[in-house]
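Undergrad: Here you go, one structure.
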Amino acid sequence: EEALLLAYRGWVALRRDDLAQAADLAEESISIAREIGDPRAESGALMILGDVRSGHGDHGAAVELFERAVELRRELGDPVLVSDAIYNLGMIAFQSGDRVRARQVFEESLQIARELDEAPYVAAAQFMLAQLDLLDGRPEAADRARESLAIYSLLEDDRSRARCLLSLAGAAAAEASFEEAARLLGAADALRGDAEPDSLEAPLLERLGP
């Protein structure tokens, strides 16, 4: 319980952008979890520490931490925990610029999510795969973004719907359908409201131009 509580406090510190405290709490949680042989607590703390390393720009160390977390969760045999760890590993690989690794990880995340019928994970994996498809010039981007958009519409998640519409705008622009791209861009802006574009949206907006 102490190891899990420390990991949760580390997660809260991470959300507050207190990377130093998050690292301290995660490392203490890992130490206790290893001492008592609790792979569930250890895996969660490893992921928090991985996010800290990523926040400091050390994506290589972050990938190693997430890979260890995935390994531990596979041993636990809980597919939901595995799916969560794999998806987050994919995000770290994507942020590090390793598109090949990110694609492999998100494909596995998507497969597990479909097997579990976990719609939010299906939507998230398809969205990230759509981003990779756009970067690699693959035509699958639009179909992936449409599936993600449909799921987020059912979940009434307007913020994620806005991201999906940006992906569709990017796919339309890639096919020289500029009027459709502009329409989708406007719809995304309306859903986003007063919120600023996030780290996933900014690159899409840059590619779409003024």
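Undergrad: Extension gain Arg40-Ser199, at 0.36 nm per residue separation less the Cα-Cα distance, in nm? Please report the intermediate quantities before stating the final value.
TA: Values: separation 159, 0.36 × 159 = 57.24 nm, distance 2.96 nm.
The span from Arg40 to Ser199 would gain 54.3 nm if fully extended.
Undergrad: Separate question: Can you give the FRET efficiency for Phe178 and Asp78, using 1/(1 + (r/R0)^6), R0 = 41 Å, r = Cβ-Cβ distance, to the nearest 0.05?
TA: Efficiency, from the Cβ-Cβ distance: 0.30.
Undergrad: So for the chain, taking the charge dipole from beta-carbon charges (+1 Lys/Arg, -1 Asp/Glu), which of Ala102, Leu116, Gly77 sits furthest toward the positive end?
TA: Ala102
Undergrad: Right, another one. Given Leu129, Ala3, Pro139, which one lies farthest toward the positive end of the charge dipole of the chain, if we put +1 on the Cβ of every Lys and Arg and -1 on the Cβ of every Asp and Glu?
TA: My answer, from the dipole projection, is Pro139.
Undergrad: Now for a separate question. Go through Ile36, Ser54, Leu25 and say which Cα lies farthest out towards the positive end of the charge dipole of region 1-123; charges sit on Cβ, +1 for Lys and Arg, -1 for Asp and Glu.
TA: So the residue we want is Ser54.
Undergrad: I would also like to ask the following. Under the rule that an exposed site lies in a DSSP loop and has at most 10 other Cβ atoms within 10 Å, name the longest stretch of the chain with no GluC sites (Glu not before Pro) of that kind, not counting the sites themselves. Please list the in-between numbers first.
TA: On the way: sites that count: Glu1, Glu156.
Free of exposed loop sites, the longest segment is 2-155.
Undergrad: Quick check for me: using +1 on Lys/Arg Cβ and -1 on Asp/Glu Cβ, what's the dipole size of region 1-99 about its Cα centre, in debye to the nearest 20?
TA: On the way: 10 positive and 19 negative charges, 63 e Å.
Around 300 debye, computed over region 1-99.
Undergrad: Right, something else. Between Asp194, Asp98, Asp133, where does the largest GNM mean-square fluctuation fall for the chain, given springs only between Cα atoms within less than 10 Å?
TA: Asp194
Undergrad: Could you tell me the accessible area of Ile92 in Å² (1.4 Å probe, neighbours in place), rounded to the nearest ten?
TA: 0 Å²
Undergrad: What is the spin-label model distance, in nm, from Asp117 to Gln95 if the labels are put 7 Å beyond Cα along the C-beta direction?
TA: 3.3 nm
Undergrad: Still on this structure, I have one more. Could you size up the charge dipole of the chain around its Cα centre, putting +1 on the beta carbon of Lys and Arg and -1 on that of Asp and Glu, and report it in debye to the nearest 20?
TA: The calculation lands at about 380 debye.
Undergrad: Then there's this: According to a simple spin-label model (label point 7 Å from Cα along Cα-to-Cβ), what is the distance in nm between Asp18 and His56?
TA: So the two model labels end up 1.8 nm from each other.
Undergrad: So what does Asp84 come to for accessible area, using a 1.4 Å probe and Å² rounded to 10?
TA: Counting only protein heavy atoms, the figure is 40 Å².
Undergrad: Modelling each spin label as a point 7 Å along the Cα-to-Cβ direction, I'd like the Glu107/Glu2 distance in nm, to one decimal.
TA: About 4.5 nm separates the two model spin labels.
Undergrad: May I pose another question? Taking each full run of DSSP H in the chain as one helix, which ones are at least 18 Å long along their axis (Cα atoms) and have mean Kyte-Doolittle hydropathy of at least -1.0?
TA: TM-like helix candidates: 2-15, 19-36, 39-55, 59-76, 79-96, 99-116, 119-136, 140-154, 158-174, 178-192.
Undergrad: Find the centroid of the Cα atoms in region 74-108 and in region 185-210, then give the distance between the two in whole Å.
TA: That distance is 25 Å.
Undergrad: How much solvent-accessible surface does Asp198 expose, in Å² to the nearest 10, with a 1.4 Å probe and all protein chains in place?
TA: 40 Å²
The values are calculated or read from the model by the stated rules, or taken from the named source; none is laboratory data. Since this is a predicted model, take the numbers as computed values, not measurements. So basically every Cβ, Gly included, is an ideal-geometry build from the backbone, and we count neighbours across all protein chains shown. SASA here: full protein model, heavy atoms, side chains in, ligands and nucleic acids out. Shrake-Rupley method; radii C 1.70, N 1.55, O 1.52, S 1.80 Å.
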